[in-house]
Amino acid sequence: MPRHRSLPRVLLLPLLALAAGCGGGEGKPAEAGDAPPLGELREIPSPAAPGSGEPNLTAGPDGRVYLTWIEPGPDSTHALRFSALEGERWSEPRTIAAGRNWFVNWADFPSLAVLPGGRLAAHWLQKSGAGTYHYDVQISQSADGGTTWSAPVVPHRDGAKAEHGFVSLWAQGDSLGAVWLDGRKYAKEGHDPTNEMMLAHTLLAPDGTPGAERRLDERICDCCQTSMAMTSRGPLVVYRDRSPDEIRDIYAVRLVNGAWTEPRPVHDDRWKIPACPVNGPSVSARGERVAVAWFTGAQDTARVLLAFSDNAGATFGPPVRVDDGNPAGRVDVELLDDGGALVSWLERTGEEDAEVRVRRVSRDGRAGAAATVAASKGARASGFPRMSRSGDRVVFAWTLPGDPGAVRTAAARVGGAP
């Protein structure tokens, strides 16, 4: 079992060594080696109120990091709020949208995208019918950096009382690109094998006008997150596929010369599972260099894997295992300037306990020691820890379970920067 080095629960002592050691193959956890430190991990007082959850992070082209989260309000209302990191503190929180009848879920959480000219876009989910999974995507845009927000637009036009969620947003020219899991083909409630979710895409103009819908994959996993990264060749979207015989591996589609490619596997794990594991992939890109991290249970072994591409996601090299032997998954990944990557995930440490851990993997696949970012739980209330890089700094956000729980944040320098 590889070493990992724990931080105190208060998150105020130096984060210990992470980088290159002996390479970890797909079949066993990565071997830890000596490495420069990630830097001192400092907790940043969270702007989110008690009871908050579903955090997400994104960095704009200028390096500014934004945090979004959901807060409960009076009379069964919820609010989607955001804040920007300014030095060592978060800006005063602002509300994107608030209302009743929202679909608030530990795994299907809102996001924010930074668009050209200081514009912002955000999404959340709202119930559309009486069924448990009858909900629609709502997307709003701001032309003034988040001071005011437009009336929300529903990007899908099927009108079906079905699940629509697990959204990824990005800037595509002056438009907003969006992909989502679309349940319009579901015949009824439940997980009947004849029911199929699909991956759909559209573009929204600055005024919110939606373009044509495109079906990128007609049969995908029911409730795993999508992830998107912009390469030098265009957008790359990764997600969990679902074959007719219930193989649920990670696939990728790319927008090349104005057309979406046929779906291709990132790696042939051959994970056969007759239900959704609720554990989507994460992708990060810089030029043509791409890193994808994901969770699999193939061969009855829980693993967190990482694979690199040097051709904008057209093909991927063999994966490296990065967990410590008992992962719950819930991954995130950030590509580094040297071509390596940071991977975060949730590692189980007991029947209920878990830790948010992070490991650095070098460009050639050698993995360093893992370090613990925060104590957590394996329960759904812990949500999905998030990570975002801005220059030589990495920001973390996670939900601290409790009654009430709350969103917590911290940051550290990467690559041993002072």
Is segment 400-408 home to any residue that is within 22 Å of I70 (Cα to Cα), of a type outside the set (S, T, Y), out of contact with any helix residue (DSSP H, G or I) (no Cβ under 6 Å at 6 or more places or on another chain) and crowded, with 24+ Cβ neighbours inside 10 Å?
-> yes
For S362, indicate whether it is touching a residue at least 24 places away in the same chain (Cβ under 8 Å) and over 16 Å from the mean Cα position of the chain (by Cα).
-> yes
Could you grab me the full set of residues in segment 255-294 that are buried (at least 24 other Cβ atoms within 10 Å of the Cβ) and over 14 Å from F308 (Cα atoms)?
-> N279, G280
Looking at segment 121-134, which of the residues that are free of Cβ contacts under 8 Å to residues at least 40 places away in the same chain and touching a strand residue (DSSP E or B) at 6+ places or on another chain (Cβ under 7 Å) is nearest to A178 (Cα to Cα)?
-> Q126
Can you pull out the residues in segment 115-127 that are surrounded by fewer than 21 Cβ atoms within 10 Å (Cβ to Cβ) and either assigned to a strand (DSSP E or B) or modelled with pLDDT of 95 or more (or both)?
-> R119, Q126, K127
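If we only count strands (runs of 3 or more DSSP E) wholly inside segment 255-313, which ones have 3 or more residues that are at pLDDT 95 or above and among the basic types (K, R)?
In segment 255-313, there are no strands (runs of 3 or more DSSP E) which contain 3 or more residues that are at pLDDT 95 or above and among the basic types (K, R).
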The residue from A307, A312, A328, A302 that alone is under 21 Å from the mean Cα position of the chain (by Cα) and free of Cβ contacts under 8 Å to residues at least 40 places away in the same chain is A302
Single match in S227, S140, S168 (criterion: modelled with pLDDT of 95 or more and surrounded by fewer than 21 Cβ atoms within 10 Å (Cβ to Cβ)) | S140
Given (1) in a loop (DSSP other than H, G, I, E, B); (2) of a type in the set (F, W, Y); (3) under 27 Å from P110 (Cα atoms), number of the condition F316 does not satisfy | (3)
Mind checking which strands (runs of 3 or more DSSP E) fall wholly inside segment 26-96 and carry at least 3 residues that are under 27 Å from D324 (Cβ atoms) and either acidic (D, E) or modelled with pLDDT under 95 (or both)?
-> 37-40
Leading residue by the ranking (farthest from C223 (Cα to Cα)) among those in segment 135-153 that are hydrophobic (A, V, I, L, M, F, W, C) and touching a residue at least 60 places away in the same chain (Cβ under 8 Å) | A143
Scanning segment 355-392 for residues that are surrounded by fewer than 24 Cβ atoms within 10 Å (Cβ to Cβ), within 17 Å of E334 (Cβ to Cβ), at pLDDT below 95 and charged (D, E, K, R) gives R363, D392
Is there any pair with a first residue in segment 199-217 that is touching a residue at least 12 places away in the same chain (Cβ under 8 Å) and closer than 18 Å to F166 by Cβ and a second that is small (G, A, S) and part of a strand (DSSP E or B) whose Cβ atoms are under 6 Å apart and which are 6 or more apart or on different chains, and what are they?
-> T202/A178; E213/A200; R215/A200
What residue, among those in segment 238-252 that are under 17 Å from the mean Cα position of the chain (by Cα) and in a strand (DSSP E or B), is surrounded by the fewest Cβ atoms within 10 Å (Cβ to Cβ)?
-> D241
Across segment 319-333, the tally of residues that are within 24 Å of T58 (Cβ to Cβ) and either of a type in the set (S, T, N, Q) or assigned to a loop (DSSP other than H, G, I, E, B) (or both) stands at 1
Among the residues of segment 63-76, count how many are touching a residue at least 12 places away in the same chain (Cβ under 8 Å) and either aliphatic (A, V, I, L, M) or over 14 Å from I96 (Cβ atoms) (or both).
-> 8
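The values are calculated or read from the model by the stated rules, or taken from the named source; none is laboratory data. Keep in mind that this is a model prediction, so the values were computed, not measured. Methodologically, a virtual Cβ is constructed for each residue, glycine included, from the backbone with ideal geometry; neighbour enumeration extends over all protein chains shown.
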